Amino acid sequence: MFGRFIVNFGKLKRWLVGKPLASQLERHERLNIPLGLAVFSSDALSSTAYATEEVLIALVGSAFALQAGILSIPVALAICLLIAIVVISYRQVIHAYPQGGGAYIVAKENLGRLACQVAGSALLIDYILTVSVSISAAAANLISTGLVPPEWRTSIALWLVLAITLLNLRGVRESGKIIAFPAYAFIASMAIVMACGLWRIAHGDVSQPTFVPFSAGASDADQWTGALVALALLKAFSHGCAALTGIEAISNGVTAFKEPVVERANRTMAIMGLILGAVFLGMTCLAYYFQVVPHPNDTVISQVARMASEALGPGAQALYYVTVFATMTILALAANTSFAGYPRLASMLAHDGFLPRQLMNQGDRLVFTNGILSLGLLSALLIWLFHGDTNALIPLYAVGVFLSFTLAQAGMVRHHLRHREPGWRYGVRINGFGAVVTAIVTLILAFEKFTEGAWIVLVAVPAFILIFRQIERHYRSISRQLALPDKGYCPVTMEHTALVLVSSLHRGTLPALEYAKTISGHVEAVHVELNPEGTERLKKAWQEWGCSIPLTILKSPYRSLTKPLMDYIDVVEERSPHDLVTIIVPEFVTRRWWHNFLHNQSAWLINELLKYHKGKVVTTVRFFLEE
């Protein structure tokens, strides 16, 4: 039954993900800069669709709701500066570690075992959250159009996860080609929206935003105003740092680029940083001038696109819908960045013994199939638990990202000091400054978002480390137990005692009896009596077809098949302590998979039961039915 299921599943898999690719074709699956930007930068670029909204939500919820627009500008400038720092720092990482791995490899090589486990767990959590947040944000943008009701949010998000998972199972290059058009459509639509918005502002088509003094919306005590503004800005900054998620993905997947990999990866990183900063700052400024306020069922980017597109007159509605659908698509496909990075990172962790070894193997489409499937399942579970609510998922998001940023930059400082390569002093300054800045941001995020859900991440990281260590301990134990003896070993000749399990005597039983006679001179047939009438029929048939093999009948007063059998096997072992007991199970195989539901699965049950008993060999002899 299980074998037939595997065959049918294989046909379905070929239809969904395509034909297998030979190993020598791997170099043809690598990416150039345009495809690399689409595959690895979709997450970072798509974060502009909700980062501005997160800044405004934080400010509107503070004591300075009336000044939210003007306060968002310095916050956006600070975040753009942070983007520049992180991009420059990660270009150093790519140059030093062209084999990929990003923060994990840097921490492993320079900061030790614990640091690399922290970095690995933080990145895994980040990748899972990236899929959950970007897919949920895509569903929210679709709801903003009014084309679907809000109650469909979770279902839409789960279907999108399934689609992205299947897309990535087809291969990196193929998924990159599919993603390239939506990615560049998003960039183009953002450029047009910003151009239209600036045109409206330049021509006085937008009313000038009014600046409300802080005293009108803050505290009655003026001496507290400065402190309250600082806290409001700090909270908005922590929320807006979601714009930096995904920047590290290129450093994790350097090996996915064509040669020269370092040059292509660094150029892609620089292009991504420039586009990310320009779009985020542009959207924040337009939101200020258009006096946009966050709305539960209408995203900020949707409102900005609607107002900016009015500059086109009759074409306004077309630009609006193009922008919203391009945003929705890039948010959905932003998950592809995680699907490109997570399986590679999981493979490295598995290679080091921290995750199951199944994650380190490439599938027949030259992708890490098990890593892709595990990411899809975990992110779908998270979306289901949080009902696809982007605002509920965002607080969990950036802490792990900046923790990995900090470890990567600190590790690079140690790398420069150890190797002292040309330009190492410049590298120490760049990465040292980056480490200090990202460490401060990590503390800010942990403090500001702790009660909003960041505590979950702070608990999850140690939990992942504990899992890593338990898996590593298991593999070390297995390696120790399976190690060959120090001196030569010669297999010992052993005698067999063969037990053939017989439920009834038919043509499917005879091959098992023949096989038993070929391997042992001590053959015995064993029957567990569940039906006395059937037992009598077996005894009569055995006299003619039993081939002089002794037949043992086991009584079963409680109609149990396994208990009497296991007890008798123990008796045989005590009777012949020096023999190897081989249990032979006859099994007939039906032509159609659904025929198996018409028969009991006693052979499978016995196999599973005996699998966990030492010192026994279990052999299945199959008889194939023709109809």
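A few comments on the model shown:
- For PHE588, the residues 5 or more places off, or on other chains, whose built amide H falls under 5 Å of its own are PHE623.
- Packing, as the average of other Cβ atoms within 10 Å across residues, places the peptides 560-573, 279-292 in the order 279-292, 560-573, highest first.
- Spin-label pair ARG113-THR620: with each label point 7 Å from Cα along the Cα-Cβ axis, the two points sit 4.0 nm from one another.
- Cut-off under 5 Å, modelled amide H: who pairs with VAL526 long-range: VAL500, LEU501, VAL502, THR552
- For the stretch 508-545 versus the stretch 420-484, the inter-centroid distance based on Cα atoms is 62 Å.
- The mean sequence distance of close C-alpha pairs (under 8 Å, at least 6 residues apart), as a share of the length of the chain, puts its relative contact order at 21 percent.
- Applying a length cut-off of 30 Å (Cα extent along the axis) and a mean Kyte-Doolittle floor of -0.5 to the DSSP H helices of the chain leaves 68-96, 113-144, 172-202, 261-289, 316-351, 398-419, 424-448, 455-482.
- Label-to-label distance, nm, for residues given as PHE588 and LEU609 (7 Å Cα→Cβ offset): 2.2 nm
- Carbon/sulfur fraction of accessible area - the chain, other protein chains in place, 1.4 Å, %: 63 percent
- Listed candidates (i) 1.26; (ii) 1.17; (iii) 1.08 - label of the one calculated as Cα Rg over 2.2 N^0.38 Å: (i)
- Sorted peptide list for 465-476, 327-338, criterion being average Cβ within 10 angstrom, highest first: 327-338, 465-476
- Net lengthening on full extension, HIS203/THR145 (0.36 nm per residue, minus Cα-Cα): 18.1 nm
- Most simply put, the chain has about 5% antiparallel DSSP beta bridges, counting only bridges with both residues inside it.
- Average accessible surface for the chain: 48 Å² per residue, computed with a 1.4 Å probe over protein heavy atoms with every protein chain in place.
- For a straight C-alpha distance cut-off of 15 angstrom, the aspartates and glutamates reachable from LYS517 (same-chain residues fewer than eight places away being disregarded) are GLU495.
- By average C-beta atoms within 10 angstrom, highest first, the peptides 229-239, 604-614: 229-239, 604-614
- The stretch 436-486: C-alpha gyration tensor shape, a/c 1.5 cut-off, then a/b vs b/c: oblate
- Pairwise label distance in nanometres, ARG537 with PHE447, each label 7 Å out on the Cα-Cβ vector: 8.2 nm
The values are calculated or read from the model by the stated rules, or taken from the named source; none is laboratory data. These numbers were taken from a predicted model, which means no experiment stands behind them. With ideal geometry, Cβ positions are generated from the backbone for all residues, glycine too; neighbour counts draw on all protein chains shown. Remember, those area values only see protein heavy atoms, side chains included, never the ligands or the DNA or RNA. Shrake-Rupley method; radii C 1.70, N 1.55, O 1.52, S 1.80 Å.
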